[in-house]
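A short reminder: the numbers here are calculations on the coordinates, not readings from a lab. Nothing here was measured: the structure is a model prediction, and the numbers come from that model. No Cβ is skipped: glycine too gets one built from the backbone with ideal geometry, and neighbour counts run over all protein chains shown.
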Ligand SMILES: [Zn+2]
């Protein structure tokens with residue numbers, strides 16, 4: 001069976017403290033054999049590294065969530081990533097959030113911090129796992145401007161026309177399970193080429209059922225919905241998505 005990868009989940013979240021082993025078992029039982037564990041803070045990033053030592057399924061990522069407008073924290077995160085570059089599979093989640101951050105001076109800080117992670121991604125040849133909320137156009141423009149090569153836009157909330165320059169630049173777009181209840185994401189999936197698609201859950205949030213804790217096993221919902229929207233057999237889609245994952249992450253499943 002072709003292994004599936006949840007390419008964006010917050011397994012360091014305290015929501016998973018009590019039953020992470022069960023959560024990973026349930027994921028494995030439906031074929032979700034690997035999970036990219038993103039971080040929001042330094043504590044999360046360190047926890048991801050510890051969890052990855054305990055569980056083979058966990059691929060640790062490290063990044064500072066874009067609403068933290070703190071140069072010291074960003075610098076400490078850059079150091080942490082450099083010092084653990086042999087273990088960390090991606091830089092994320094990082095990016096721009098114009099929904100929460102509205103003041104021009106604050107957005108300026110956000111851009112500078114994002115730039116430091118983009119430069120690090122190029123230096124270390126690591127994929128960026130990017131959050132862009134109400135800021136898709138700006139995030140894609142910044143990534144292209146700085147020459148980012150390995151990019152995953154997570155739960156992209158923009159239009160397909162906004163995504164287009166990213167597709168042309170070879171960026172990937174990870175589709176969350178909440179696609180089954182989002183008209184915007186359904187339209188996006190229809191327009192995006194299969195060769196740029198990845199799947200994610202963003203657990204513990206973005207559950208197919210709102211208000212319920214999300215978990216990586218629900219990646220199957222995203223897989224089934226994308227297969228339906230693209231009118232393609234599930235097994236065929238799994239192979240394409242696994243190839244996409246390999247092209248971006250250079251990890252053999
Ligand atoms: Zn996230």
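Grab the Cα-Cα distance for residue 250 and residue 106, subtract it from 0.36 nm times how many residues apart they are, and report the gain in nm with one decimal. It would help to have the intermediate numbers written out before the result.
On the way: separation 144, 0.36 × 144 = 51.84 nm, distance 3.50 nm.
Difference between extended and current length: 48.3 nm.
So, in Å, what gap is there between the alpha-carbon centers of the range 170-195 and the range 75-128? Their Cα centres are 24 Å away from one another. Applying 0.36 nm per residue to the separation of residue 213 and residue 161 and subtracting their alpha-carbon distance, the gain on full extension is 15.5 nm. The protection proxy used here, the mean number of other Cβ atoms lying within 10 Å of each residue, ranks peptides 226-239, 21-34 as follows, highest first: 21-34, 226-239.
Just the number, please: percent antiparallel of the DSSP beta bridges in the range 4-249, rounded to the nearest 5. Could the numbers behind the result be given before it?
Working: 0 of 25 bridges.
Just about 0 percent of them are antiparallel.
Of the peptides 122-130, 109-117, 61-69, the ranking by mean beta-carbon count within 10 Å, highest at the top, reads 61-69, 122-130, 109-117. Report note on the peptides 133-140, 146-153, 7-14: ranked by the mean count of other C-beta atoms within 10 Å, highest first, their order is 7-14, 133-140, 146-153.
Extension gain for residue 71-residue 239 works out to 56.4 nm (0.36 nm per residue, less the C-alpha to C-alpha distance).
Computed from label points 7 Å out along Cα-Cβ, the spacing between residue 231 and residue 18 is 4.6 nm.
Label sites at residue 115 and residue 184, each approximated as a point 7 angstrom past Cα along Cα to Cβ, lie 2.7 nm apart.
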